[in-house]
Every structure is written in structure tokens, then in C-alpha cells.
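Asks: Mind having a look at this structure? Questions to follow.
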């Protein structure tokens, strides 16, 4: 992909879009968001992603481009998942899930096809490509989320979409048809592989089943994490973290069609995850109504669930299983007749941790990455659903770093037994910590999900 085209596209889409928003009905762009995007793109091009830097490979530019699209779609579907419209949620889920697949496919290609992975301590840490890809990850996440949040605020205002209601009658009609359409799409996808691509049917069915479960649980989990009850988000975080990484690892290393992240599975993955996300959001809405969970209650009043503690027991149980595994993983795997795999981090271990401590140290760093990645993910998800641009920008930077490092770690070590124990505790604990922190920050900043309508003159 031509580098000049990439920067022209990002500039046009990210920096000049406030002019277009301004011309639209109910368009009210936040200039600060787009200035942050412009500064990030300019700095990345001047200092790292420029033709005179050896690490500025075509893959780095491709990764930047698709990372921008991915996080634009991420914040779009995240906002729609927290709101009432099933149609807009499904519509935004298509580019979100499809872009995730393509972005991880590019990153997998860099690590695996170019032979940076297994057996090379530190992966790409000593190559010129690593910092270029890291900068692309940060800038793409920051620019995509900031621009996407602005456009989705316009969509919400234009069609009167809120967390508990949809004002547009036309949109409500589309919402009524959305579940049936998604069910038919899943059925049609399965039948297509049965009759036309039977050699890929096994992988397609597994990917679709995992995708339905993973995105369904993920939708419930993210909606709970954007409310103020800590217990149920911890439960769904424990389950969702495991299913997410199992799904990812299967795509990287366990398919029978050959290759990593096979593109032949892109359509069944996208169809299933879109349907799963919509189904999960619908189930979550029912649960939230039953449990009386609100999005902005903590901003205007004391958190009604501050005294909830029962979920701490679940986290202590997860920690009691995870920490011994990190220290004695070789012995644990030997009990099941499994040989320990060679683990690789996306950065080099200190010399004093080599030898017998290399594996426990790698698992510990991996667990910390899962934990911090879930912290930054929850912070950026909550910030992207609210109306404070600076707070959102700060969370995007940290999330971009950890998303890249964690993605690299999963790709370099695509093994169920190594990753699942780390995902169990890291996902739930990281999310819970971030949720508690977010409640305090949002209350301090008066940052809300349902932006009040401007007062009439």
C-alpha cells in the first residue's frame, strides 16, 4: 500500500473531518480531538514513520492504516453497544470485527512469516521494525478512537440514540428487523460452507461457535464494565477473557486449513462475531433492567454498589490458581503429559532471568501484560463512551502500547495451556481495577455517557 496514500487518507479522514461534521445537521465537532490527532500523525511521520528511517517498512504503514480503521471501528461499536439501537450496533460491528481480523493477520505475518518468532529471544525487539510498529500501534489507536468518538456522537445526536432509548422511528423499525437478519446471515454462512467449501467447514464451524460465544460474553462484559456494579463484570470478565484468547489462539495456530489467521475464515468470523455481539447486548439490557444498573448514576450521586464485595472471592480463587501455575508451570503440564513450550516475549528478558527462571519470568510478564492491557482497554472503552476528549486521549496512548505488546505475545506464544491461566486472572482483575478507577475519574471530571442536549436559545 502506497505510503503517501495512507497519510493522505488519514489526514483527510482524521484531520479534515471536523469541517464535514460542521456542515451536517446537528454537527458539533470537538476541535481539541482533531488537534490531538493531527499532532500524533505529524510526530509519527517526522520522527519514526518516514522514508528515511530504516524501520519504516510497507508493513508498518499498512499496520498504521488498518490500526486507525480498527480503533475507529472499535470506539464506534463500543458506543453503539452501550446504547439502545440494535441496527447501529450490528452495522458498526461489521467493520470492527473484520478490521480486527485483518490487523492481527498483518501483525501475525510480520512476526511469523518473516521468522522473527520462535527461538529468537525478544522477538523483534532488536530490529528496526519493532519501534516503527509500536508507534503505528499507538498513533493508529489514538487517531482512530478520537475521530471515531466524534463521528459517533454526531450519529447519536442525529438519530437520537441514548443508552435507554431510540428517538428515531425509522431506526426503531430497523432495530426490529436486525435480530432476524443476523440469524439468517449465520444460517446462510453455514450453508455456504456446507455446499461450496466443505474442506473449510470444520474450521468455519469452530470459529463461528467461538465467535458467537466470545462476542456475546464480551458484549455483556463491556456493558457491565460501563455500569457501576463491580461483581457481574468480574464474573463475565473471567469467562470472557478465557474464550477470547482461546478463539485468538485457535486462529493463529490450530486451524486445519493451513497458515495463520487464514483469510478464508474472515467472513464466518465476522458474521458470527457480529451476531454474538448483538445477542450479548440484548441479553445484557435485560439483565441491567432486572439489576437496576445505570451508566451515569455514579457521576451525579454516590455509587449504589460501593459496598459490593462478593466478587473478591472469585478473584482470589483465580489468583490462587494462576500464581502457582506461573512458578511451577513445567511440573503442572508434566502431570498431563504435556511438554512445556518455548516462550518468547516481544522484548528481551534481563540477563539474570535467563536459564531456569526464564519460563516463570516470561509467564509473569505475560500475565502482567494481560492485566495492564485489560486495565487500559476498560479505561479507554469507558472514556470513549463519554464526553471528555483529553481523558480519552490519555487512555488511548496507553491502550495502544499494551494492545500491541499483548497481541505480539499471543502471536509469538499461541498455545492454549500457556495463555489460558494468564487470561483467567489478568482479564478479570485488570478490568475490575480499571472500572473502580474510572468511577472516581468520571465523577471528578463530570464525564457522562448520555451527553445532555444543548440548551435552546
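Asks: Filter the stretch 322-333 down to the residues that are at pLDDT 80 or above and surrounded by fewer than 16 Cβ atoms within 10 Å (Cβ to Cβ), then identify the one that is farthest from residue 427 (Cα to Cα).
Replies: My answer is 331.
Asks: Now a separate question. Give the residues of the stretch 407-428 that are surrounded by fewer than 24 Cβ atoms within 10 Å (Cβ to Cβ) and farther than 20 Å from residue 340 by Cβ, sorted by residue number.
Replies: 407 - this is the single residue of the stretch 407-428 that is surrounded by fewer than 24 Cβ atoms within 10 Å (Cβ to Cβ) and farther than 20 Å from residue 340 by Cβ.
Asks: Looking at this structure, is residue 283 surrounded by fewer than 17 Cβ atoms within 10 Å (Cβ to Cβ) and not in a helix (DSSP H, G or I)? Before the answer, list the steps.
Replies: On the way: surrounded by fewer than 17 Cβ atoms within 10 Å (Cβ to Cβ): yes; not in a helix (DSSP H, G or I): no.
No; evaluated as a whole, the condition is false for this residue.
Asks: For the stretch 1-118, give me every one of the helices (runs of 4 or more DSSP H) that falls completely inside it and has 1 or more residues that are within 24 Å of the chain's Cα centre (by Cα), at pLDDT 80 or above and closer than 26 Å to residue 409 by Cβ.
Replies: Details: elements: 3-10, 17-23, 31-47, 58-81, 86-108.
Of the helices (runs of 4 or more DSSP H) lying wholly inside the stretch 1-118, those with at least 1 residues that are within 24 Å of the chain's Cα centre (by Cα), at pLDDT 80 or above and closer than 26 Å to residue 409 by Cβ span 31-47, 58-81, 86-108.
Asks: Also: List every residue pair whose Cβ atoms lie under 6 Å apart, where the two residues are 6 or more positions apart in sequence or sit on different chains, the first residue falls within the stretch 236-251 and is more than 18 Å from residue 315 (Cα to Cα), and the second residue, located anywhere, is modelled with pLDDT under 90 and surrounded by fewer than 21 Cβ atoms within 10 Å (Cβ to Cβ).
Replies: Sorted first by the residue in the stretch 236-251, then by its partner, the pairs are 249/416.
Asks: I'd like to check something: does the stretch 338-345 contain any residue that is free of Cβ contacts under 8 Å to residues at least 60 places away in the same chain, loosely packed, with under 12 Cβ neighbours inside 10 Å, closer than 22 Å to residue 408 by Cα and within 31 Å of the chain's Cα centre (by Cα)? Break it down stepwise before answering.
Replies: Of all residues in the stretch 338-345, those free of Cβ contacts under 8 Å to residues at least 60 places away in the same chain come to 339-340.
Within this subset, residues satisfying the condition of being loosely packed, with under 12 Cβ neighbours inside 10 Å are 339.
Narrowing the set further to residues that are closer than 22 Å to residue 408 by Cα leaves none.
Checked against the condition, which is being free of Cβ contacts under 8 Å to residues at least 60 places away in the same chain, loosely packed, with under 12 Cβ neighbours inside 10 Å, closer than 22 Å to residue 408 by Cα and within 31 Å of the chain's Cα centre (by Cα), the stretch 338-345 yields no hits at all.
The values are calculated or read from the model by the stated rules, or taken from the named source; none is laboratory data. Keep in mind the model is a prediction, meaning the values are calculated, not measured. No Cβ is skipped: glycine too gets one built from the backbone with ideal geometry, and neighbour counts run over all protein chains shown.
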